[in-house]
Structures are given as C-alpha cells and as structure tokens.
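Read the structure below first, then the notes.
Nothing in this text is a laboratory measurement; each read-out follows from the coordinates by a stated rule. Small disclaimer: the values here were computed from a predicted structure and weren't measured. No Cβ is skipped: glycine too gets one built from the backbone with ideal geometry, and neighbour counts run over all protein chains shown.
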Amino acid sequence: MPDKVLITQRLLKSCEEEILEKFTAVRLYRQDDPEVFLRNHGHEFRAIAGYVADEPLMEMLPNLEMIANFGVGHDGIDLDAARKRSISVTNTPGVLDDAMAEITIGLMIALSRSLLPADRFVRAGKWTKGNYPLQTELKGKKVGIAGLGRIGKEIARRCIAMKMQVAYFGRTRQKDQPYRYYDDPVKMAADCDWLVVATPGGRQTMGLIDDAVLAALGRNGFLVNVARGSVVDEESLVKRLLNGQIAGAALDVFQDEPHVPEELFELENVILSPHQGSATRTTRNAMGRLLVANLEAFFAGRPLPARVI
Ligand code: 8YV
C-alpha cells in the first residue's frame with residue numbers, strides 16, 4: 001500500500017519533525033541521487049509536503065494523490081498537471097496575514113523615513129557634521145493595494161491606522177469593502193503615492209505591474225512588493241529606479257530569488273528584503289501546523305482544511 005509522504009524541499013524544522021513523527025516520510029532533498037531514488041521508490045508515495053512540484057515530479061510518483069504546499073502562495077505547484085491526475089493540493093492560508101501586513105507597514109515606514117540610510121549615517125559618524133535631510137510621512141498619502149485578499153485587507157486596515165487613503169485594484173469589486181476600487185492598475189497607480197503589491201503569484205498576475213503601471217506611479221511614487229517577483233516587471237523597475245523615475249521601492253520578493261539585481265545594491269531609496277514576509281517563529285509554526293493538519297485530514301479521509309483544488 002503506497003502511503004508514504006515525500007518531503008520534497010527543506011521545510012521548517014519543526015514541521016518536518018512532525019511529519020516524520022506522524023507519517024512514514026522520506027526527505028527527497030537528502031537523497032544522494034533524488035532522480036534514482038524516485039525511479040526506485042516513487043510508487044510508494046501518496047502525498048508530498050513541499051512548495052515546488054512540477055509535472056515531471058508528478059510523473060515519477062504514479063500513486064500521488066495529494067500535495068501539501070508549505071505557504072499560501074501555490075505558484076510553485078503545477079495545478080494543471082495536478083488536476084489532470086486528480087491530485088488534491090492544499091496550502092496554508094489565513095495564518096500569515098498579520099505577519100505579512102506587519103512587514104508591509106514596516107517597509108513603508110522604513111522607506112518613507114529612510115530609516116536604513118539614516119542608521120548608516122549615524123554609524124558613519126556623519127551626524128556630528130550636520131542633520132539628516134527631511135523625509136516624507138505616510139499620513140494623508142494615497143495607497144493603492146493591488147490584490148485585496150486576506151493579506152491585502154490586513155494591509156489596508158493598517159494603512160487606515162496610519163491615516164492614509166486606501167484604494168485597491170483586483171479582478172472584481174468587493175461590495176463589502178469601503179475602499180475605492182479601480183479596475184485598471186495604471187489608473188490606480190496614477191492616482192496613488194504608494195503602490196503595494198499583495199496579489200497571488202502565478203500565470204494570472206505575471207507582469208501585472210508592468211512599465212505602464214510604473215510610469216503612472218511616477219517619480220514621486222513608492223512601490224512595495226510583498227507578493228511575488230513575477231508580478232512586477234523587474235527590468236523596468238530597475239531601470240526606472242536607476243533613472244530616478246520612481247521615488248523608491250521596498251522589495252521582499254524577486255524574480256530569480258535569492259538572486260537580486262546588483263544594480264539595486266547602491267541605491268539608498270531601495271530596501272531589499274530576503275523574502276521574509278511570513279518569517280516569524282509564530283507564523284511559520286502556524287503554517288507548519290496547518291500543513292500537517294492538511295496531511296492528517298487526507299490520510300484520515302476527512303475534508304481537507306485548506307484545499308486549493
Ligand atoms: C514562504 C510565502 O516564504 O506563503 C507564501 O506564499 O511566500 C511564504 O510564506 C514560502 O511559502 C516558503 O516556502
């Protein structure tokens with residue numbers, strides 16, 4: 001009976017330990033030759049725990065029925081390939097919204113007040129020679145949120161607390177939301193001082209924040225991306241930052257992580273963050289627990305707590 005769990009990528013340590021304790025599980029990334037391992041043992045696995053699963057991997061797991069994704073974003077999983085094989089996919093929604101919103105506001109304050117360069121200014125002994133230049137504040141500014149899902153809504157609440165005006169762009173207007181709706185990201189960017197990207201990744205949002213949106217945001221506009229690198233045209237963004245055509249950017253995600261365009265390293269008006277939106281102990285533990293709950297439900301034949309498909 002194929003009933004094993006395959007841990008495909010390195011996950012949170014406590015999550016892996018719980019999987020190994022509760023199920024018969026194997027870490028694929030620890031095998032000397034994962035390809036050979038899959039050829040010999042692929043048929044033994046009914047479930048995957050990980051965050052990347054493409055069609056070739058599914059091909060090598062003929063009895064696979066379930067993929068438990070570590071993370072709310074499931075753009076690392078080929079959903080079409082999973083659907084074709086009637087494989088269920090779960091994720092970890094809801095438990096990371098506050099951590100994501102906190103880092104977003106942190107990045108916005110740090111960017112508007114130049115907190116990182118100001119810290120370097122003090123450390124370099126420059127304060128004794130003169131004051132640091134005046135900066136901008138969030139109060140009264142307009143922020144447009146691309147993607148008003150669970151995370152976007154938590155960001156919006158906190159932007160209201162900062163006394164900002166909130167608008168959003170999404171595929172559809174949400175009737176119960178008090179914020180101004182835009183059906184066009186270019187129009188929203190043209191009207192906003194801040195553009196916060198909080199959409200899902202994947203095909204549907206690929207390049208959504210393109211050169212036209214960045215041009216509309218303009219030289220006084222700030223961009224914050226806590227979603228996925230794929231959502232923003234990174235080449236255009238880098239060009240516009242280098243040419244001073246955008247006021248600044250705070251980026252937690254990149255197109256080719258962990259590789260970051262090196263041209264950005266010298267820019268004082270850019271914050272580079274190593275994809276750590278959900279990276280608090282509390283939140284990652286909660287994500288791990290939800291992943292395990294999804295696996296437990298699957299093996300017990302119960303409804304999956306967080307089913308994607
Ligand atoms: C994690 C994330 O960094 O949930 C997501 O979609 O991007 C983050 O919480 C990632 O899933 C870790 O694999």
Original post:
Under 22 Å from the Cα of Lys239, which lysines turn up, not counting those fewer than eight places away in the same chain?
Top reply: Lys187
Original post:
Okay, which of the stretch 241-256 sit inside 19 Å, backbone N to the point 7 Å along the Cα-Cβ direction of Glu266?
Top reply: 241-249
Subject >> Rounded FRET efficiency, nearest 0.05, which uses the C-beta distance separating Ser86 from Gln174 and R0 of 30 Å >> reply: 0.40
Original post:
Rounded to the nearest 20 Debye, what is the dipole magnitude of the chain about its Cα centre when Lys and Arg each give +1 and Asp and Glu each give -1 at the C-beta?
Top reply: 1260 debye
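Per DSSP H run of n ≥ 4, the term is -39500 (n - 2.57); total these for the chain, divide by its residue number, and report the mean residue ellipticity at 222 nm rounded to 500 deg cm²/dmol.
Working: 11 runs with 109 residues, N = 309.
The helix contribution divided over the chain gives -10500 deg cm²/dmol.
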Original post:
What percent antiparallel are the DSSP beta bridges of the stretch 97-272, to the nearest 5?
Top reply: 5 percent
**OP:** Write down the Å³ per residue value for the convex hull defined by the alpha carbon atoms of the stretch 3-70.
**Re:** 76 Å³
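Could you work out the relative contact order of the stretch 97-272? I mean the mean sequence separation of Cα pairs under 8 Å and 6+ apart, divided by the number of residues, in percent.
Relative contact order comes out at 19 percent.
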Original post:
With no solvent and one point on each alpha carbon, what is the Debye value of log10 I(q)/I(0) for the stretch 35-129 at q = 0.16 Å⁻¹?
Top reply: -0.72
Original post:
If you count the DSSP beta bridges with both ends in the chain, what percent of them are antiparallel, to the nearest 5?
Top reply: 5 percent
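Could you work out the relative contact order of the stretch 143-221? I mean the mean sequence separation of Cα pairs under 8 Å and 6+ apart, divided by the number of residues, in percent.
Working: 117 pairs, mean separation 27.6, N = 79.
It comes to 35 percent, rounded to a whole number.
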Original post:
To the nearest 0.05, how large is the calculated FRET efficiency for His275 and Asn131 if R₀ is 41 Å and r is the Cβ-Cβ distance?
Top reply: 0.75
Original post:
Along the positive direction of the dipole of the stretch 10-135 (beta-carbon charges: Lys, Arg +1; Asp, Glu -1; about the Cα centre), which of Leu79, Asn91, His43 reaches farthest?
Top reply: Asn91
**OP:** Report the one residue of Val143, Val292, Ile160 whose Cα lies farthest in the direction of the positive end of the charge dipole of the chain (charges on C-beta: Lys and Arg +1, Asp and Glu -1; origin at the Cα centre).
**Re:** Ile160
Original post:
How high is the relative contact order of the chain, in percent, with contacts defined as C-alpha pairs under 8 Å that are six or more residues apart?
Top reply: 17 percent
Subject >> Rotationally averaged projected area of the chain (alpha carbon convex hull; nm²) >> reply: 18.2 nm²
**OP:** Report, in whole Å, the centroid distance computed from the Cα atoms of the stretch 4-71 and the stretch 197-268.
**Re:** 33 Å
Original post:
Under 30 Å from the Cα of Lys84, which lysines turn up, not counting those fewer than eight places away in the same chain?
Top reply: Lys4, Lys22
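Among the complete DSSP H segments of the chain, which ones combine at least 24 Å of alpha-carbon extent along their axis with a mean Kyte-Doolittle hydropathy of -1.0 or more? It would help to have the intermediate numbers written out before the result.
Values: long enough: 281-300 (28 Å, 0.22).
Counting only whole DSSP H runs, the qualifying helices are 281-300.
At 0.36 nm per residue, and after removing the present C-alpha to C-alpha distance, how many nm does the segment from Ala300 to Gln245 gain when stretched out fully?
Working: separation 55, 0.36 × 55 = 19.80 nm, distance 5.54 nm.
Result: 14.3 nm gained on full extension.
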Subject >> Cα-centre dipole for the stretch 97-272 with unit charges at Cβ (Lys and Arg positive, Asp and Glu negative), debye to 20 >> reply: 800 debye
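Using mean Cβ contacts within 10 Å as the protection proxy, how do 239-246, 103-110 order, highest first?
On the way: 239-246: 16.5, 103-110: 20.0.
Top to bottom by mean Cβ count within 10 Å: 103-110, 239-246.
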**OP:** Restrict the search to the stretch 2-77; then list the trypsin sites (Lys or Arg not before Pro) that DSSP places in a loop and that have at most 14 other Cβ atoms within 10 Å of their Cβ.
**Re:** Arg10
**OP:** Once you have the Cα-Cα distance between Arg39 and Arg113, take 0.36 nm times their residue separation minus that, and quote the gain in nm to one decimal.
**Re:** 21.2 nm
**OP:** Give me the compactness ratio for the stretch 80-134, meaning the Cα radius of gyration over 2.2 N^0.38 Å.
**Re:** 2.17
**OP:** Name the aspartates and glutamates eligible as straight-distance cross-link partners of Lys129: C-alpha to C-alpha under 16 Å, and not fewer than 8 places from it in the same chain.
**Re:** Asp119
**OP:** Could you pull the Rg and Dmax for the stretch 42-97, using just the Cα atoms, both in Å?
**Re:** 11.0, 37
**OP:** Give the dimensionless ratio obtained when the Cα radius of gyration of the stretch 97-272 is divided by 2.2 N^0.38 Å.
**Re:** 1.01
